[in-house]
Amino acid sequence: MDTGSGALPVGAAWEALVAADQPTLFKGAASEWPLVQAGLADPAEAVAMLKQGHAGQPVVVFRGDPAIKGRFFYNEAVDGFNFTGAREPLAPVLDELLAARDDPEARALYIGSTDIPTVFPRLDPASRLDLATIHPMLAANPGLSTIWIGNRTTASCHYDATPNIAVCAAGRRRFTLFPPDQVDNLYPGPFEPTPGGQVVSMVDVAAPDLERFPRFAEALAVAQIAEMEPGDILVYPALWWHHVEALAGFNILINYWWNRSPGYIDTPQSTLLHAMLSLRDRPDSEKAAWRALFDYYVFGDAERARAHLPAHARGPLAPIDDSTARRLRATVLRKLQR
């Protein structure tokens with residue numbers, strides 16, 4: 001795991017970090033945040049800050065029996081989950097977390113990914129990242145900024161479609177990260193249902209069953225581990241699989257997802273699903289031919305595919321802008337409604 005110290009890089013240094021396409025842990029980069037300092041002094045002080053910053057809405061709360069050992073996952077039949085979720089008032093849940101934070105047998109409990117601008121609009125601005133000061137690319141295509149609050153819980157190994165800046169604001173976290181090319185060795189689970197809206201690995205990363213999942217040993221050989229303490233910030237690229245363990249009795253994680261592509265560019269996740277519908281079950285010879293077309297039009301050099309055409313005839317081969325994106329989307333929708 002690459003590591004740095006002090007503040008996050010800015011400007012050209014941020015560009016270099018993104019270009020490296022590797023997870024990087026910045027020790028203490030948010031250590032001066034008031035929320036971090038409050039949690040270090042006493043978790044009750046951090047809870048008070050959260051209550052003060054809250055706009056009053058209910059939050060989504062997930063609960064699991066002590067038997068799941070904090071691992072939010074499927075049930076034995078893989079037709080449901082080993083936890084429940086409901087919308088609840090914030091303050092009593094925070095009080096419950098505080099009261100049980102020293103109980104190793106407490107029920108697994110966390111407040112799921114919650115939008116900060118909507119639900120915690122009064123959270124101290126000094127306890128947030130000013131993305132625009134890091135680099136204009138972060139402000140130009142911002143994603144969600146969310147908060148996770150809970151006890152000793154585990155988010156099963158999954159990937160996100162966008163890059164992430166993760167701030168350990170209270171407690172401790174362990175991220176175990178795998179490069180995207182390890183997908184075959186991670187034994188992905190069903191597309192639906194999913195525990196948190198994204199496909200997860202069927203392997204228990206903390207206690208892997210290598211007889212059932214032998215290829216996971218290859219993934220472990222290239223895994224990167226980030227041990228996070230309050231004030232640490234982890235930056236990692238899109239599509240890296242990550243298994244996230246909250247290791248203290250009270251934990252707060254703040255995420256900043258952002259986009260390297262403009263908002264009018266659609267998510268490739270939709271393309272993946274449509275490819276299953278349209279390509280996966282065709283004869284191998286046809287799939288090989290389509291692979292060549294995708295390599296030419298999508299994965300290859302975009303300029304090569306259009307260089308021999310006059311500008312007025314390039315259509316969607318030209319760089320995509322908002323107008324072109326709208327036309328392509330309309331064409332796709334018409335073809336899907338056949």
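The table below lists the values:
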| quantity | calculated |
| --- | --- |
| From Ser270, Ser261, residue being at negative phi, modelled with pLDDT under 95 and surrounded by fewer than 11 Cβ atoms within 10 Å (Cβ to Cβ) | Ser270 |
| Unique match (being aliphatic (A, V, I, L, M) and in a loop (DSSP other than H, G, I, E, B)) among Leu144, Leu123, Leu109 | Leu123 |
| The range 319-334 residues that are without any contact (Cβ under 8 Å) to a residue 12 or more places away in the chain and of a type outside the set (A, V, I, L, M), paired with ones that are in a loop (DSSP other than H, G, I, E, B) and surrounded by 11 or more Cβ atoms within 10 Å (Cβ to Cβ) (beta carbon under 8 Å, 6 or more apart) | Thr324/Ala318 |
| The range 238-249: number of residues that are surrounded by 21 or more Cβ atoms within 10 Å (Cβ to Cβ) and either farther than 16 Å from Ile149 by Cα or within 14 Å of the chain's Cα centre (by Cα) (or both) | 4 |
| From the options Ala325, Ala292, Ala288, residue that is among the hydrophobic types (A, V, I, L, M, F, W, C), in a helix (DSSP H, G or I), surrounded by 12 or more Cβ atoms within 10 Å (Cβ to Cβ) and at negative phi | Ala325 |
| Where Ala19 falls short, out of the listed (1) part of a helix (DSSP H, G or I); (2) under 13 Å from Gly150 (Cα atoms) | (2) |
| Asp181 vs. criteria out of contact with any strand residue (DSSP E or B) (no Cβ under 9 Å at 6 or more places or on another chain), of a type outside the set (Ser, Thr, Tyr) and in the same structural domain as Phe250 (by TED's automatic domain parsing) | yes |
| Hey, Val298 farther than 26 Å from Ala139 by Cβ, of a type in the set (Val, Ile, Thr) and either free of Cβ contacts under 8 Å to residues at least 60 places away in the same chain or not in a helix (DSSP H, G or I) (or both) or not | yes |
| Residues located in the range 186-224, provided they are in a loop (DSSP other than H, G, I, E, B), touching a residue at least 24 places away in the same chain (Cβ under 8 Å) and more than 19 Å from Tyr74 (Cα to Cα) | Arg215, Val222, Ala223 |
| Subset tally (residues that are among the aliphatic types (A, V, I, L, M) and under 20 Å from Ala67 (Cβ atoms)) for the range 79-104 | 3 |
| Scope the range 225-240; condition more than 28 Å from Arg63 (Cβ to Cβ) and part of a loop (DSSP other than H, G, I, E, B); matching residues | Gly231, Pro237, Ala238, Leu239, Trp240 |
| Residues (touching a Pro at 6+ places or on another chain (Cβ under 7 Å), surrounded by 13 or more Cβ atoms within 10 Å (Cβ to Cβ) and at pLDDT below 95) located in the range 107-126 | Asp124 |
| The range 100-115 residues that are more than 16 Å from Ala44 (Cα to Cα), paired with ones that are of a type in the set (Asp, Glu) (beta carbon under 8 Å, 6 or more apart) | Arg107/Asp65; Ala108/Asp65; Leu109/Glu96 |
| Matching entry among Ala161, Ala155 (being within 29 Å of Ala207 (Cβ to Cβ), surrounded by fewer than 21 Cβ atoms within 10 Å (Cβ to Cβ) and within 12 Å of the chain's Cα centre (by Cα)) | Ala161 |
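Conditions tested, residue by residue: (1) more than 23 Å from the chain's Cα centre (by Cα); (2) acidic (Asp, Glu).
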position: Gly39; (1), (2): yes, no
position: Ala44; (1), (2): yes, no
position: Lys51; (1), (2): yes, no
position: Val59; (1), (2): no, no
position: Lys69; (1), (2): no, no
position: Phe73; (1), (2): no, no
position: Asp79; (1), (2): yes, yes
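The values are calculated or read from the model by the stated rules, or taken from the named source; none is laboratory data. None of these values were measured; they are calculated from a predicted model. Please note: Cβ atoms are built from the backbone with ideal geometry, for glycine as well, and neighbour counts cover all protein chains shown.
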